[in-house]
Structure formats: C-alpha cells, structure tokens
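Here is the structure we will look at.
Each reported figure results from applying straightforward, stated rules to the coordinates on display, with no laboratory input. These numbers come from a predicted model, not from an experiment. Positions of Cβ are generated from backbone atoms using ideal geometry, with glycine treated the same way; all protein chains shown enter the neighbour counts.
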Amino acid sequence: MEFPVTISGSPQPLKISFAPSATVGDLKERIQKQLNKSPDPNQILAQNNEVLKNHMPLRRVIESPGSLILVDVELDVTVKTSANERFQVKVRPGETQIIDLMQKIEAELQVPIKDQKLFHGKTRLSDNPHNDLPKELVYSLNRTVDVFVPDYIEVTVENSASGESITLKIDKEKRLTDLAQEIPSYRNMDDNQEAIFLVDGRQLSPIQDTGTLARLGIFSGSRIKLEVRILFIRVFVTGLPQGRLTIQCNPLETFQDLLNHVQSRTKLKEIGGATFSTKGRNFNPKKDLDTLQDYGIEHRSILDFKKEKTRSSKGQQR
C-alpha cells in the first residue's frame, strides 16, 4: 500500500509503500531513509494534529480519516519580543518542553526564565513550563511565539547593619517582595525580624506596600537602605517545676518583666527573689535593670530560673 505523507516544509506529499502490518515506527524509519535522514524515533508523525505512537499498527492509521504529517526533527521557531525584535531558535518537537524553549530565549536575550512571559497566540505558555510544546505551534505553518521582555532597572541596596551594598537588576513592574527575595540577608532573616526599606526618607514595608516598584517611586539608580528590626524575642526558661517554658517578649523589656511573665504563666506563688542564668552569667531582676537586649539576650536564648530560698521563721528568730 502507498501512504501519502506530508513533509514539513515540502510542497508535495511523499508517497511511501508499506505493508499494513507494519507499525508507525517502521513507517517513520522508511520515510527517513527515503529522505536520506538519520533514523530518529523521536521525530513526530501526526494525524489530525495527534502524535502517532511508534508501536501503533498502521492498519489503525489507515482506518482513520486524515492525512499524515511528518514534522521535521528540528524546527525553527521565530521569537518576537515586545521590543519588536525577532530571532529564531531551533527545537526538537519530539523531545522539547516549553521550558527548553524558554532556556534558549534566556540565552539569546539574557532574560531569566522567571521574568519571561511567553505566549503563542493568546495562550500563555510560561504558566506551564514543563508541558510539551503545544501541537498548535508544532503543526503550524507560522511557528511564532511572543515574549514580553521586562523593562529592567538597576538599584543599589545597602544593609544598614553591615554597611554592605548590592546592586540588583529587576523588572520595574515587580513588587517590593520580589526585590527583597533577591537580597541574601533578607532571605536569611529570622521569624522575629521585620524588614524596612528606606527610600528617599520614606519607610516602605514589603508586607504593607504592595504596589509595583515604579509606583513606589523606585527607579533605575535608586539607593535603598535595608533596615532589619527585631519585633520580639522568644526565650526558653528552664528550672521550673513544670519543665521548660517558652516566653515571647519585647527585647526592650527587663529581667523583672521576664520574671512577671514567668509568674503569670505558672502556678508559682509570689516570687520574692530569683535569678536567671545563661552562658555562665547570673542576672538578678532587682539589680540588673537594663533591657534584655542590653545584656545580650537574643531570640531563642535559654535561661535557667532559680528561685531564692526564703529563710524559715525559726531561722529568723535565731
């Protein structure tokens, strides 16, 4: 039997003789041999925009209406940017996913995959980067995709604590949270810390100020200061009858405030005197009156509580 097969990029179909007992894979191998091409099982043979599997019997293909189309092993896809630039990339449709195409675009434009908005017609391909290339693109006579290139700005961020600066390239339509994620010191922040960005005398919060960088007045050349503030510290108090107690407090509180927290959270009766010990140092709430922060008490510090023994009335009479 003769099978008319449309070859991608060729005006006339190719007629191939083959027995109906053969498989799609056998047919592809015969076509490639006739075209003087190296055998490639990943080349796509399609019918009615559906890829035919290599193990499928040709008898089933014959019984189905619709012409056979052999797609090139390697296709040229035209990429059109939002700046009206055009270039071509080569893809292998039988093996390529959308992310592979995006990687080629990244290499050409120096635009990271995370910043690409890739479309084929009205379909946003970049939303599903691990999908195969859409058949509407593979079988199309006009294989063109559109990529929207961000309008980048360069800003300098200075860490107010360390004095270190970092220059970042970022899409001006991104948000403050996106900028923050590019800063290593921000990514390493603890759960008790809050980041504040100082821009031209204004305080901006990644959580509260959700507009784009452009709307927040951040442009190319802007200098931003990152200030990390401690919201609270969580300390672990040991030596109590009920075991370890976790207390969340303000770093500007004192040991007397911490003692009050312990008393309100436990069944201990009024505590006359007590000490807190950590790293070989003892602190007396009645004498050590500066803030916990001043004494170096940090988030997740462990403090050993000891209640002072009261003299018995008999001992006092002596």
**Fill in**
For the chain, shape from the Cα gyration tensor axes a ≥ b ≥ c, cut at a/c of 1.5 then a/b versus b/c, turns out prolate
**Asked** Counting alpha carbon pairs within less than 8 Å and at least 6 residues apart, what relative contact order, in whole percent, applies to region 118-160?
**Response** 45
**Message:** I'd like the trypsin sites (Lys or Arg not before Pro) in region 251-280 restricted to DSSP loop residues with at most 11 other Cβ atoms within 10 Å, sorted by number.
**Reply:** 267, 269, 279
**Request:** Find, among the trypsin sites (Lys or Arg not before Pro) in region 63-166, those assigned to loop by DSSP (not H, G, I, E, B) with at most 10 other beta-carbon atoms within 10 angstrom.
**Result:** 122
**Complete:** Dividing the helical contributions, -39500 (n - 2.57) per DSSP H run of n ≥ 4, by the residues of the chain yields a 222 nm value, nearest 500 deg cm²/dmol, of -5000 deg cm²/dmol
**Distance from region 78-103 to region 225-247 (C-alpha centre basis), Å** = 52
**Asked** Which of rounded, prolate, oblate describes region 233-307, given a ≥ b ≥ c as roots of the alpha-carbon gyration tensor eigenvalues and a/c under 1.5 marking rounded, otherwise prolate only if a/b is larger than b/c?
**Response** rounded
**Message:** Helix 24-34 against the longest principal axis of the chain: what's the angle in degrees, Cα atoms only, rounded to the nearest 10?
**Reply:** 60
**Prompt:** So for the pair residue 124, residue 60, with labels modelled 7 Å out along Cα→Cβ, what separation do we get in nm?
**Reply:** 3.7
